[in-house]
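Please treat every number below as a calculation from the coordinates, not as lab data. Bear in mind that the values here come from a model prediction, so they are computed numbers and not experimental data. With ideal geometry, Cβ positions are generated from the backbone for all residues, glycine too; neighbour counts draw on all protein chains shown.
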Amino acid sequence: MELESKLLKPARRYALILVDLTIGFTDPARSGLATECTEVIAANQQLLIRFRTMGAPVFYTKVAYDDPAQASVFREKLPALNDLVAGSALVEIDPRVQPEPGDVIILKYGASGFFGTDLNEQLRATGVDGVVVTGLTTSGCVRATALDALQNNFRVVIPHQAVGDRDMAAHASNLRDLQLKYADVVDLDDCLALFSV
């Protein structure tokens, strides 16, 4: 990935936000929303180890619908979202990046982890001023969450190996645009180097 990976200014304290790493997005054999993401999972595993070793906050987002009125226009635009039924296996967090006690799971109905949720308030309660945003998909929910994080005045870091997309052209163009305007898109090793253990 040819992007300048220099942070404008690091945050004092970061939280990790894993966006939609649920079976519906990580298992292409079970869902049309999913992408092959072995490398993305591996990068997130490294980040989880580092954040948990530091005792830093870890947040997950996931989409699950139990009412036809929830995000009805979004679901009309992308009908595959209708498969993300509350209680189904598709909305479970991928076991390779399983939450641990103390991690927070944010249920959302739209693209952003912030929209219609209390993610901003929960992040503020932990005392963070920056977030590392990872997960799926780069051009959709990752982008929306990163943009809203910035709009809530958090410094945003995106390790490019820790995000993925079904469309590689969209993945690359969105990472470039995020780097130009909204976030610091960095190499995973550079991201891990921000955090002492």
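Structure values in brief
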item	result
Failed condition for Lys62, given (1) over 21 Å from Ala183 (Cβ atoms); (2) among the basic types (Lys, Arg); (3) in a helix (DSSP H, G or I)	(3)
Checking Ala69 against (1) without any contact (Cβ under 8 Å) to a residue 40 or more places away in the chain; (2) within 30 Å of Leu180 (Cα to Cα), the condition it does not meet	(2)
Checking Leu90 against (1) surrounded by fewer than 17 Cβ atoms within 10 Å (Cβ to Cβ); (2) part of a helix (DSSP H, G or I), the condition it does not meet	(1)
Scan of the stretch 55-67 for residues that are touching a strand residue (DSSP E or B) at 6+ places or on another chain (Cβ under 9 Å) and either within 14 Å of Pro101 (Cα to Cα) or surrounded by fewer than 16 Cβ atoms within 10 Å (Cβ to Cβ) (or both), ordered by number	Ala56, Pro57, Val58, Phe59, Tyr60, Asp66
Test: residue in the stretch 159-176 that is touching a Leu at 6+ places or on another chain (Cβ under 9 Å) and free of Cβ contacts under 8 Å to residues at least 60 places away in the same chain	no
